[in-house]
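Taking it in order: structure first as structure tokens, then the write-up.
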Amino acid sequence: MLQTEIESLCDNKPESYTDAHFQLFQKFKDALNAGEIRSAEPDATSPTGWRVNAWVKKGILLGFRMGSIVDMSIDAARQPWLDKATYPVKQFSTASGVRIVPGGSTIRDGCYVAKGVTCMPPMYINAGAYVAEGTMVDSHALIGSCAQIGRSCHVSAAAQIGGVLEPVGAMPVIIEEEVLVGGNCGVYEGTIVKRRAVLGTGVILNRSTPVYDLVRETVHTATDDQPLVIPEEAVVVAGARSIPRGIGKDYGISLYTPVIVKYRDEKTDAKVQLEDLLR
């Protein structure tokens, strides 16, 4: 079984890696490329709706341990590229159905990029990521290692989707279906953004920052054992809250905080609709 073999090789480091070991890792990476295995996947029995596949994350880390640094340059004199031999750039053809617009984008091997994905230059998708059908990854956007992006999302220009490769048991960042991630957003530390949510320009989400829900009059926070979860169809904007006491109050200082100002309606849908003509 692939899982057993990968965990055994990861937990019992040999003196040197054999051809059989590299063949095993290639089999593992082929499964990542095909979307047959994922670092996290939907699980209706979980409170968050997702579960972590720690063994997959261990396998991705194993690839870094196994790989030696090699020259991957197109022109070594003008622009040297040196990286792990186990993680070259991912190979595509017209049959892949992925639109990669010319201009400096890179997609690393060992990630799933579905048919209908559009990649605007320059953008980057790291090993272990999963990007589902019809999603657009815009210019200067990053999809980090192990990040999970659902179908028909728009990851806007300069958005950063952190991955969370380590620790292996930690939930990676998850963006569910039909989510709009606005320009210059940052989603980090295993945050889960549920389906059809909208993150306005400049929203930052992580474990340390509470999200104030003005509609439902509650505060969404991460706990020791659960990630921050943004509810379905929530519209989140960048806001601020004043420091109520002490020197911070005296100075009139406010702290950044994300704020849910509404939930999606027809007006929101009209503003964030993805145009099929672009695909």
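The values are calculated or read from the model by the stated rules, or taken from the named source; none is laboratory data. Values in this document were obtained by computation on a predicted structure and should not be read as measured data. Glycine gets a Cβ as well: all are built from the backbone with ideal geometry, and neighbour counts include every protein chain shown.
Surrounded by fewer than 23 Cβ atoms within 10 Å (Cβ to Cβ), more than 17 Å from V235 (Cβ to Cβ), of a type outside the set (S, T, N, Q) and at pLDDT 95 or above, is that true of G182? So G182 does not fit the description; no. Within the option set M72, M66, being farther than 23 Å from V164 by Cα and surrounded by 14 or more Cβ atoms within 10 Å (Cβ to Cβ) holds for one residue only, M72. If you go through region 79-104 and keep only what is in a loop (DSSP other than H, G, I, E, B) and over 25 Å from G59 (Cα atoms), you end up with P80, S93, G97, V98, V101, P102, G103, G104. For P47, the conditions (1) in contact (Cβ under 8 Å) with a residue 40 or more places away in the chain; (2) farther than 23 Å from V164 by Cα all hold with the exception of (2).
I'm trying to understand the selection: among the residues of region 214-267, which are assigned to a loop (DSSP other than H, G, I, E, B), within 16 Å of K194 (Cα to Cα) and of a type in the set (V, I, T)? Hit for region 214-267 is T221, nothing else.
Yes/no per residue for (1) in contact (Cβ under 8 Å) with a residue 12 or more places away in the chain; (2) under 23 Å from the mean Cα position of the chain (by Cα):
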site	(1), (2)
G200	yes, yes
V215	yes, no
T218	no, no
I230	yes, yes
G248	no, no
Y251	no, no
T257	yes, yes
K262	yes, no
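Pairs meeting the criteria (first residue in region 158-176 and closer than 14 Å to V198 by Cα and part of a loop (DSSP other than H, G, I, E, B), second residue of a type in the set (K, R) and modelled with pLDDT of 95 or more, beta carbons under 6 Å, at least 6 apart or on different chains) are E176/K194; E176/R195. Residue count for region 194-213 under the criterion of being part of a loop (DSSP other than H, G, I, E, B) and among the hydrophobic types (A, V, I, L, M, F, W, C): the result is 2. Only one of R78, R51 is of a type in the set (K, R) and surrounded by 13 or more Cβ atoms within 10 Å (Cβ to Cβ). Can you tell me which? Residue meeting the stated conditions: R51. Could you go through region 162-169 and let me know if any residue there is of a type in the set (V, I, T), closer than 23 Å to G134 by Cα and crowded, with 24+ Cβ neighbours inside 10 Å. No: region 162-169 contains no residue that is of a type in the set (V, I, T), closer than 23 Å to G134 by Cα and crowded, with 24+ Cβ neighbours inside 10 Å. Report yes if some residue within region 16-30 is among the β-branched types (V, I, T), within 29 Å of E133 (Cβ to Cβ), out of contact with any helix residue (DSSP H, G or I) (no Cβ under 6 Å at 6 or more places or on another chain) and loosely packed, with under 15 Cβ neighbours inside 10 Å; otherwise report no. For region 16-30, residues among the β-branched types (V, I, T), within 29 Å of E133 (Cβ to Cβ), out of contact with any helix residue (DSSP H, G or I) (no Cβ under 6 Å at 6 or more places or on another chain) and loosely packed, with under 15 Cβ neighbours inside 10 Å: absent.
I'd like to know if region 117-128 contains one or more residues that are exposed (fewer than 13 other Cβ atoms within 10 Å of the Cβ), assigned to a loop (DSSP other than H, G, I, E, B) and free of Cβ contacts under 8 Å to residues at least 40 places away in the same chain. No, region 117-128 has no match at all.
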